[in-house]
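Report on one structure; see the data block that follows.
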Amino acid sequence: MKVGEREFRAVWWEGDGEGRVVMIDQRRLPHELVTVAARTVEEVAFLIMDMAVRGAPTIGATAAYGMVLGRDDPKRAANILGKARPTARDLFTAIEWMVKEPSRERAEAYVEGIVARCRMIGEHGAELLGRIAADRGRANVLTHCHAGALAAVDHGTALAPIHAYARGMGADGVRPLVWVDETRPRLQGAITAWELSAAGIDHKVVVDNAAGHLLSHGEADVVIVGADRIAANGDVANKVGTYGKAVLAKEHGVPFYVAAPSTTIDLSLPDGSHIEIEERGESEVLELRGRQLFGAGTHAFNPAFDVTPARFVTGYITESGVLQAEQLEPTFRPRDKLENDRTTGDT
Ligand code: RUB
């Protein structure tokens, strides 16, 4: 990801020997681009839990590096990191990948695997956007939450197709426009908007509740979101509010795509009812930047994700192409050890 003249990733390893995990502190964006470093497994777990890093693939990459910090006792490290956040499958994909051999080399292989997958998601998704632009003379994309480069080490998931399409616009010359949901309560839309600004891509922020208006007025040609976990039948856990967008998209005949690498797919779960949905503290809803929004005595319920049933998903933009729900399992089911390596870390 380029910001000004500098290339960034969301998270990386720094130093020889003991080393440290350095990440862009997403809690400080869009106001400041600063990094935060962790030198222990506990610090890595805290930074994941406190949302210094967000987005399933980036959480996985951070955990992979965290396992290197905890290499003296990998089971203990796996246990600590595995409690950081429950919903994003990538956290567990990374821990499982690292636990037998928590070396720096293996973590880098995992992270490079993520980057390569997201680059492919960009390419497949850009073709899709090209077809939509050719058909409609426009490529207005509604997205929810943040699924850009910062959420996926580099390139992004839902934003990767938009970046790739915008880079190669070429023949049809259609400039994409991204409708960015603000994404209460943590306002991940601000990170999406920051990233789109840095890439010079046209975008407008809308409040979460504007989706019905936009979709019913034909203002979006496609909806693309990321995913935190996808069950074997194609049900998708993503940031709370995604489900509503999917239902509205279907009602208004707008295609709804989920962009995710195979590291987010959990074939051990038959359907979305088995996905653990993280409940976060009520202060995220009741306060805004430290200021109380509601009167004393009012409580909040704060589920961080919801599950969109597969029947609302038009297709899954993966590293292996744009798939239908029933293709996920045959495409990504590991058949032997070699296959397993291919689908988790090595490319
Ligand atoms: C992030 C979130 C993102 C998904 C998809 O939640 O829900 O939409 O992770 O993005 P949080 P990606 O900010 O609570 O971590 O597919 O890039 O993970």
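The values are calculated or read from the model by the stated rules, or taken from the named source; none is laboratory data. All values derive from a computational prediction rather than experimental measurement. Cβ placement follows ideal geometry from the backbone for every residue including glycine, while neighbour counts extend to all protein chains displayed.
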Just one listed residue, out of ARG289, ARG333, is exposed (fewer than 14 other Cβ atoms within 10 Å of the Cβ), modelled with pLDDT under 95 and closer than 20 Å to ILE121 by Cβ, and it is ARG333
Of the residues in the range 256-281, those that are more than 13 Å from the ligand (Cβ to nearest atom) and among the aromatic types (Phe, Trp, Tyr) come to PHE256
Where VAL153 falls short, out of the listed (1) within 21 Å of HIS252 (Cβ to Cβ); (2) among the β-branched types (Val, Ile, Thr); (3) within 14 Å of the ligand (Cβ to nearest atom): (1)
If the requirement is being touching a strand residue (DSSP E or B) at 6+ places or on another chain (Cβ under 6 Å) and either surrounded by fewer than 20 Cβ atoms within 10 Å (Cβ to Cβ) or among the aromatic types (Phe, Trp, Tyr) (or both), which of these qualifies: ARG71, ARG20? ARG20
Is it true that ILE59 is outside the structural domain of GLY156 (by TED's automatic domain parsing), in contact with a helix residue (DSSP H, G or I) (Cβ under 7 Å, 6 or more places away or on another chain) and without any contact (Cβ under 8 Å) to a residue 40 or more places away in the chain? yes
Can you tell me how many residues within the range 197-226 are closer than 30 Å to GLU5 by Cβ and crowded, with 24+ Cβ neighbours inside 10 Å? 2
The range 214-234, subset farther than 25 Å from GLY130 by Cα and not β-branched (Val, Ile, Thr), residue nearest to the ligand (Cβ to nearest atom): ASP228
Out of THR343, THR318, I need the residue that is modelled with pLDDT under 95, crowded, with 18+ Cβ neighbours inside 10 Å and among the β-branched types (Val, Ile, Thr). Which one? THR343
Quick one: in the range 157-183, which of the residues that are touching a residue at least 60 places away in the same chain (Cβ under 8 Å) and either assigned to a loop (DSSP other than H, G, I, E, B) or not assigned by TED's automatic domain parsing to the domain that holds THR264 (or both) is surrounded by the fewest Cβ atoms within 10 Å (Cβ to Cβ)? ALA158
Tally, over the range 227-249, of residues that are crowded, with 23+ Cβ neighbours inside 10 Å and touching a His at 6+ places or on another chain (Cβ under 8 Å): 5
Among the residues of the range 255-275, what is the count of those that are more than 22 Å from GLY156 (Cα to Cα) and not in a loop (DSSP other than H, G, I, E, B)? 3
Please count how many residues of the range 235-255 are more than 10 Å from the ligand (Cβ to nearest atom) and within 16 Å of the chain's Cα centre (by Cα). 2
Tell me, which helices (runs of 4 or more DSSP H) lie completely within the range 1-114 with 3 or more residues that are within 16 Å of the ligand (Cβ to nearest atom) and not small (Gly, Ala, Ser)? 41-49, 56-69, 89-98
